[in-house]
Amino acid sequence: MLSLGLSNRPKLSPETFRLLRDVIYVRSGIAFAEAKTYLLETRLSRRLEIRGLKTFEDYYYFLTYDPEREQEFTQLLNVIVTNETSFFRDQTQLDVFSKGVVPRIMEEKSRSGSKNLRIWSAACSTGEEPYTLAMLLMEAGLPAKGWTIEIVASDISEIVLRAAEAGHYDKYSLRNTPDVYQKKYFSNSADAFSIKESVRGFVRYKRINLIEANDTRSVIGFDVIFCRNVFIYFDDVSKKRAVSHLYDSLARGGYLFVGFSESLHNITRLFKPVSIDRSLVYQKA
Ligand SMILES: C[S@@+](CC[C@H](N)C(=O)[O-])C[C@H]1O[C@@H](n2cnc3c(N)ncnc32)[C@H](O)[C@@H]1O
């Protein structure tokens, strides 16, 4: 295996940067500006080392033609995307979900006789978000009185999905978790907190690339979609594609939550922006 120190680390030329940037963009929607050349160079140099490749051109050919190109692309995503997340991220939005949106949907559905609540945590990273949603619903007394809940957790990266499925976390992931939830829904050993089976049982995992209609078409009819903190990696074209796929996956009247600092302004007119307790949620009309 090659060991590449800082001085003899391979350089990423502008031409090869463009080739790699295009591969990443076409396959994931993630947009890298030219100013990020150095970032890509430093983050990917370890991948070259692991694959025993000498230059970024070799790496580009590996990603394009090698029989292991799919596995390598997953590893690449893992080093270029921040998978940062935590349990109970953005409490204000979660309150809007559990105290505003869920009761509205239940009331609406009760009238139509359907008692199934379907939630999708798209781009769920290591699973803290879907498990948080499951705990909130359980704390609200669901499933009960004939109601069933189903939560789909998806991400483009198989690596984070495997971690989500395993359900073991360190203390840092629980930094925003109220004590009562920690005690009730986690079992803990010396070095890890594990989500209890009673919570895990509601969550189903699936690899889904949000810009691929073929992927998103396999998941439809949701009452609520959480798609938070992924649009920050996309340009407007990727955002528009992903948002129209999410729209198609929502049931009529369903709600979409995007990240606290993200907005669909100028991206789509498909949704009706609804303000609940001063938080913005998007509703499929
Ligand atoms: C910062 S995490 C967000 C996790 C969680 N939603 C939250 O807000 O805490 C961003 C996630 O988006 C995923 N991602 C990036 N591009 C994607 C795509 N095209 N389709 C699906 N997921 C994608 C990454 O793998 C990563 O796990």
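Taking a cut-off of 17 Å between Cα atoms, list the aspartates and glutamates near K115, but don't count ones fewer than 8 places away on the same chain.
E107, E150, D223
Exactly which trypsin sites (Lys or Arg not before Pro) in segment 32-111 are in a DSSP loop and have at most 13 other Cβ atoms within 10 Å?
Filter output for segment 32-111: K54.
Between R43 and Y172, how many nm apart are label points set 7 Å from Cα along the C-beta direction?
Going from the R43 label point to the Y172 one covers 1.7 nm.
My understanding is that a pair violates if its Cα-Cα distance is over 30 Å; which of K11/K171; K99/K145; K145/K239 do that in this structure?
Result: K11/K171; K145/K239 exceed 30 Å.
Based on DSSP loop calls and a cut-off of at most 15 other Cβ atoms within 10 Å, the longest stretch of the chain free of exposed GluC sites (Glu not before Pro) is what?
By the stated rule (loop sites, at most 15 other Cβ atoms within 10 Å), 85-285.
Note down the nm distance, to one decimal, between modelled labels 7 Å out along Cα→Cβ at E197 and at K115.
Distance between the two pseudo-spin positions: 2.6 nm.
Helix-only mean residue ellipticity at 222 nm, the chain, DSSP H runs n ≥ 4 weighted -39,500 (n - 2.57), per residue, nearest 500. What is it?
Numbers: 12 runs with 118 residues, N = 285.
-12000 deg cm²/dmol, from helical runs alone.
Would you mind listing how long segment 91-284 runs along its three principal axes, going by Cα atoms, in whole Å with the largest first?
Here the Cα extents, ordered largest to smallest, are 49, 39, 32 Å.
Taking the chain as the reference, fit the longest principal axis to its C-alpha atoms, fit the long axis of helix 56-65 to the helix C-alpha atoms, and give the angle between the two in degrees, 0 to 90, nearest 10.
On a 0 to 90 degree scale, this one is about 60.
Counting alpha carbon pairs within less than 8 Å and at least 6 residues apart, what relative contact order, in whole percent, applies to the chain?
Values: 420 pairs, mean separation 48.3, N = 285.
Computed value for the chain: 17 percent relative contact order.
DSSP loop (so not H, G, I, E, B), at most 15 other Cβ within 10 Å: list which trypsin sites (Lys or Arg not before Pro) in segment 112-169 pass both filters. It would help to have the intermediate numbers written out before the result.
Numbers: sites: K115, R118, K145, R162; in loops: K115, K145.
Here the sparse-neighbourhood loop sites are K115, K145.
To the nearest 10 degrees, how steeply does helix 14-28 sit against the main Cα axis of the chain, on a 0 to 90 scale?
30 degrees
Are there trypsin sites (Lys or Arg not before Pro) in segment 248-280 that DSSP puts in a loop and that have at most 16 other Cβ atoms within 10 Å, and which ones?
Values: sites: R252, R269, R278; in loops: R269, R278.
Hits after loop and neighbour filter: R269, R278.
What is segment 242-285 by shape, rounded, prolate or oblate, if you read a ≥ b ≥ c off the alpha carbon gyration tensor as root eigenvalues and call it rounded for a/c under 1.5, prolate for a/b larger than b/c, and oblate otherwise?
Details: a/c = 1.77, a/b = 1.26, b/c = 1.40.
In terms of gyration-tensor shape, oblate.
Between N8 and V23, how many nm apart are label points set 7 Å from Cα along the C-beta direction?
Taking the simple label geometry, N8 and V23 are separated by 2.4 nm.
T55 label point, 7 Å along Cα→Cβ, cut-off 17 Å on backbone N: hits in segment 19-43?
Residues 19-21, 41 qualify, since their backbone N sits under 17 Å from the label point.
Mind running the shape call on segment 1-137? Use the C-alpha gyration tensor, a ≥ b ≥ c as the square roots of the eigenvalues: rounded below 1.5 for a/c, prolate if a/b tops b/c, oblate otherwise. Could you put the intermediate results ahead of the total?
Numbers: a/c = 3.21, a/b = 2.81, b/c = 1.14.
Judged from the Cα gyration tensor, segment 1-137 comes out prolate (a/c at least 1.5, a/b above b/c).
Apply 1/(1 + (r/R0)^6) to the Cβ-Cβ distance of K145 and I220, taking R0 = 22 Å, and write down the FRET efficiency to the nearest 0.05.
Computed FRET efficiency for K145 and I220 comes out at 0.30.
Pick from S112, S157, S194: which residue has the top mean-square fluctuation in a GNM of the chain where Cα pairs under 10 Å get a spring?
Ranking S112, S157, S194 by mean-square fluctuation puts S112 first.
We did not get these values from a lab; they are worked out from the coordinates using the rules stated. The structure presented is a predicted model; accordingly, all values stated were derived computationally and were not measured. We place every Cβ from the backbone using ideal geometry, glycine too, and count neighbours over all the protein chains shown.
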